[in-house]
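Enquirer: Quick one: the structure is below, questions incoming.
The values are calculated or read from the model by the stated rules, or taken from the named source; none is laboratory data. None of these values were measured; they are calculated from a predicted model. With ideal geometry, Cβ positions are generated from the backbone for all residues, glycine too; neighbour counts draw on all protein chains shown. When the accessible area is computed, the model is the full protein with side chains, heavy atoms only, and any ligands, DNA or RNA have been set aside. Shrake-Rupley method; radii C 1.70, N 1.55, O 1.52, S 1.80 Å.
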Amino acid sequence: LARNPLMLSAICLVNYFEGGQLPKDRAVLYKLCVEGLLHNWDQRRGILSDFTLEEKTRACREVALQMQASDRAECELAKVKDGFSVALKNSERAASLLEHVRYRTGLLLERRPAVFAFAHLTFQEYLAACAVLEGNSLGVDEGQFIREHGDPRWQEVIALYCGIVPTPVARRIIEDLLPVEAVTGGLLAEAYLSSGPGLAQDAELRQR
């Protein structure tokens, strides 16, 4: 992650604001980076916006999941606007929010004229996992990406999803994947390691 200059800066800021401690949990690190870029670090500098953190993350979640579901790392301006409008249910506020995100946050970047991408693919995958957890206009749910676990679009999303859901949910997902012959060890390992310390203490599950 730190090979990307923006990600290096974001990780350094997390380290600074967290008192010199980086979280050991990947999902927590991504959450702190996303929320810092979108809202919190401006707030700490006294820079206010017309949008709440929840509005910003909801809009970015919607766009991230749409991009992930269509297996794309870039998205045209019109589709980003549509995603923001769906999330906010107000096209004027959505357009204003997009301008704020574009020029203020560094999370969703205009790579080329009218073409956007997240600063790092990991942010897209993390926000897509959050969209599955919180609800989304596409109707993508946990069951869908478990059924489609072999699709590369969902593998990192599954692992990150296990990092943001409660431990019993992460356990259930891993238990559902264990007997599936086509599931790779890499996917199971990522899901298990992302699920946090709650499952790490279960020696029997770890062995399986």
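Enquirer: Would you check which residues across region 79-113 are under 19 Å from the mean Cα position of the chain (by Cα) and aliphatic (A, V, I, L, M) and list them?
Expert: Val80, Val86, Ala87, Leu88, Leu97, Leu98, Val101, Leu107, Leu108, Leu109 - these are the residues of region 79-113 that are under 19 Å from the mean Cα position of the chain (by Cα) and aliphatic (A, V, I, L, M).
Enquirer: Could you please let me know if Ala73 is among the hydrophobic types (A, V, I, L, M, F, W, C) and without any contact (Cβ under 8 Å) to a residue 40 or more places away in the chain?
Expert: Taking the combined requirement at face value, the residue does not satisfy it.
Enquirer: Also: Just one of (1) over 17 Å from Asp71 (Cα atoms); (2) touching a residue at least 24 places away in the same chain (Cβ under 8 Å); (3) open to solvent by less than 40 Å² (accessible area, probe 1.4 Å) trips up Gln124, so point out which.
Expert: That leaves (1) as the condition not met.
Enquirer: Give the residue that is nearest to Ala131 (Cα to Cα), with candidates limited to residues of region 1-24 that are at pLDDT 85 or above and either of a type in the set (Lys, Arg) or assigned to a loop (DSSP other than H, G, I, E, B) (or both).
Expert: Among residues in region 1-24 that are at pLDDT 85 or above and either of a type in the set (Lys, Arg) or assigned to a loop (DSSP other than H, G, I, E, B) (or both), the one nearest to Ala131 (Cα to Cα) is Pro23.
Enquirer: Can you tell me which residue is nearest to the chain's Cα centre (by Cα) among those in region 25-56 that are of a type in the set (D, E, K, R) and assigned to a loop (DSSP other than H, G, I, E, B)?
Expert: Asp25
Enquirer: In addition: Would you kindly identify the helices (runs of 4 or more DSSP H) lying entirely within region 143-208 that contain at least 1 residues that are among the small types (Gly, Ala, Ser) and closer than 20 Å to Glu125 by Cα?
Expert: The qualifying helices (runs of 4 or more DSSP H) are 152-164, 167-177, 185-194.
Enquirer: Can Leu109 be described as farther than 29 Å from Asn40 by Cβ, open to solvent by 30 Å² or more (accessible area, probe 1.4 Å) and at pLDDT below 95?
Expert: Considered against the rule, which asks whether it is farther than 29 Å from Asn40 by Cβ, open to solvent by 30 Å² or more (accessible area, probe 1.4 Å) and at pLDDT below 95, Leu109 comes out as no.
Enquirer: Still on this structure: Could you grab me the full set of residues in region 50-76 that are open to solvent by 50 Å² or more (accessible area, probe 1.4 Å) and either over 21 Å from Arg112 (Cα atoms) or charged (D, E, K, R) (or both)?
Expert: Passing the criteria: Asp50, Thr52, Glu54, Arg58, Asp71, Arg72, Glu74, Glu76.
Enquirer: Oh, and also: Tally the residues that are modelled with pLDDT under 85 and within 24 Å of Tyr30 (Cβ to Cβ), restricting the search to region 173-198.
Expert: Selection size over region 173-198: 6.
Enquirer: Report whether or not Gly46 is within 22 Å of His100 (Cα to Cα), free of Cβ contacts under 8 Å to residues at least 60 places away in the same chain and exposed (fewer than 12 other Cβ atoms within 10 Å of the Cβ).
Expert: Yes.
Enquirer: Which number in (1) within 27 Å of Thr167 (Cβ to Cβ); (2) among the hydrophobic types (A, V, I, L, M, F, W, C); (3) open to solvent by less than 60 Å² (accessible area, probe 1.4 Å) marks the one condition that Met7 misses?
Expert: Of (1) within 27 Å of Thr167 (Cβ to Cβ); (2) among the hydrophobic types (A, V, I, L, M, F, W, C); (3) open to solvent by less than 60 Å² (accessible area, probe 1.4 Å), only one is false for Met7: (1).
Enquirer: So, Leu29, is that one under 25 Å from Ser194 (Cβ atoms), surrounded by 12 or more Cβ atoms within 10 Å (Cβ to Cβ) and aliphatic (A, V, I, L, M) or not?
Expert: Taking the combined requirement at face value, the residue satisfies it.
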